[in-house]
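The values are calculated or read from the model by the stated rules, or taken from the named source; none is laboratory data. None of these values were measured; they are calculated from a predicted model. Here the Cβ positions follow ideal geometry from the backbone for every residue, glycine too, while neighbour counts run over all protein chains shown.
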Amino acid sequence: MFHLCIDHKDSDAAIRVLQGTVYGAFAGDPLQAGAQTRAQLAEQISLGEGLLKIHPQHGEREETAFILAVHYMQAARSGGDAQEQAAFANKARTLAAEFLRSYPESMRGATLLHLLESLPAGR
């Protein structure tokens, strides 16, 4: 698992790791975790959360927030019990709303809105 004391140089590498795991999934269903195990998905989520917290002004914040929202949606669809799935769905919706406020012109926003539609309304 990645440690949360990431300096700026390491954060660039960590973002590349996040990009590699999420964009590979876009070849099929982006909301399926693909070959990642639930533990690996949890590591990706932890990494994304850590990057946003530790480096709030990083130049790749938009990218990181987008990827983290997608990972939340993946976890909501592949999570353990209904309570865990609902918690990840709520995180995805909250982060997507924040993303749309912060980056209203981003094409990624339209993608997030489309992907959010796949989450059941009750979750």
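Points to keep in mind about this one:
- Any chance residue 41 is out of contact with any Asp or Glu (no Cβ under 9 Å at 6 or more places or on another chain), part of a helix (DSSP H, G or I), free of Cβ contacts under 8 Å to residues at least 40 places away in the same chain and over 21 Å from residue 10 (Cα atoms): no
- Filter result (without any contact (Cβ under 8 Å) to a residue 24 or more places away in the chain and in contact with a Gly (Cβ under 9 Å, 6 or more places away or on another chain)) within segment 83-123: 87, 88, 100
For every residue, the table says whether it meets (1) basic (Lys, Arg); (2) within 24 Å of residue 10 (Cα to Cα); (3) touching a Lys or Arg at 6+ places or on another chain (Cβ under 7 Å); (4) not in a loop (DSSP other than H, G, I, E, B).
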{"site": "47", "(1), (2), (3), (4)": "no, yes, no, yes"}
{"site": "69", "(1), (2), (3), (4)": "no, yes, no, yes"}
{"site": "76", "(1), (2), (3), (4)": "no, no, yes, yes"}
{"site": "89", "(1), (2), (3), (4)": "no, no, yes, yes"}
{"site": "96", "(1), (2), (3), (4)": "no, no, no, yes"}
{"site": "100", "(1), (2), (3), (4)": "no, no, no, yes"}
{"site": "104", "(1), (2), (3), (4)": "no, no, no, no"}
{"site": "118", "(1), (2), (3), (4)": "no, no, no, no"}
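- Complete set of residues in segment 98-123 that are over 15 Å from residue 61 (Cα atoms) and under 14 Å from the mean Cα position of the chain (by Cα): 111, 112, 113, 115, 116
- Across segment 33-79, the qualifying residues are those that are within 19 Å of residue 109 (Cβ to Cβ), among the small types (Gly, Ala, Ser) and under 13 Å from the mean Cα position of the chain (by Cα), and the one among them that is surrounded by the fewest Cβ atoms within 10 Å (Cβ to Cβ) is 65.
- Test: residue 53 is closer than 27 Å to residue 10 by Cβ, modelled with pLDDT of 90 or more and not hydrophobic (A, V, I, L, M, F, W, C): no
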